[in-house]
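**Q** The structure that follows is given in the form of structure tokens.
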Amino acid sequence: MVSPLETVIINLNRMGFFAFLPFLLTSAIFYGLLRRSKLFGEPEKNVVVNAIVALTAAFMVWAYPIITGTSIEEYQQFFANFFFKGTVATLVIIVGLIIAGMFFPEGAMPATLQDKLKGKLGIGLLIFGILIGFAVLISGGLSPFFGISTETMNSDVIYSIIFLLIFFGIIAFVVWITGKEEKKK
């Protein structure tokens, strides 16, 4: 038996709704970047200019596959995989923060995290986050867009390489932290 939500999603897919969502996301990202950069002046005074430039840039980005004859279904499949795996990675981090929050006094965790993320530890965590993001991109199917052919590689080999990179990154992080603590003594 098909659930009502599943029926709605299937019908939206038939109407091409999910092909439109990446365009909305792209235009929202461009709009946010234009507001933050203040390229056209104060964002409050140039809302229309920022919106028109963001929509035009998003149309240009999403017209490219159609103009070049590339199938949009490839992009849809990539984005579906990417956002699913990205959401799973984000949920793992959130669950970790929730578990860590159980051991901190009320209200102390944000201040503690802010103090810890300053300096080299923050840079290390940023690099670790970038590696996780890169792993999500590769496992989500972005490698052909960068010219990296993973067709000849078995998926087990790719996952093993990603695991080893994360494993060695964790070891390097632990060695760096313990070396830092020994210098303090």
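**Q** Restricting to the range 146-185, and then to whatever is hydroxyl-bearing (Ser, Thr, Tyr) and modelled with pLDDT of 70 or more, can you tell me which residue is farthest from the chain's Cα centre (by Cα)?
**A** At the first step, the residues of the range 146-185 found to be hydroxyl-bearing (Ser, Thr, Tyr) are 149-150, 152, 155, 159-160, 178.
Right, trim to modelled with pLDDT of 70 or more and you get 159-160, 178.
Working: 159: 18, 160: 21, 178: 30 Å.
Among residues in the range 146-185 that are hydroxyl-bearing (Ser, Thr, Tyr) and modelled with pLDDT of 70 or more, the one farthest from the chain's Cα centre (by Cα) is 178.
**Q** Determine whether residue 128 is at pLDDT below 70, within 30 Å of residue 79 (Cβ to Cβ) and assigned by TED's automatic domain parsing to the domain that holds residue 78.
**A** Values: at pLDDT below 70: no; within 30 Å of residue 79 (Cβ to Cβ): yes; assigned by TED's automatic domain parsing to the domain that holds residue 78: yes.
Taking the combined requirement at face value, the residue does not satisfy it.
The values are calculated or read from the model by the stated rules, or taken from the named source; none is laboratory data. Everything numeric in this text was worked out from a predicted model, so none of it was measured. Note: ideal-geometry Cβ built from the backbone for every residue, glycine included; neighbour counts use all protein chains shown.
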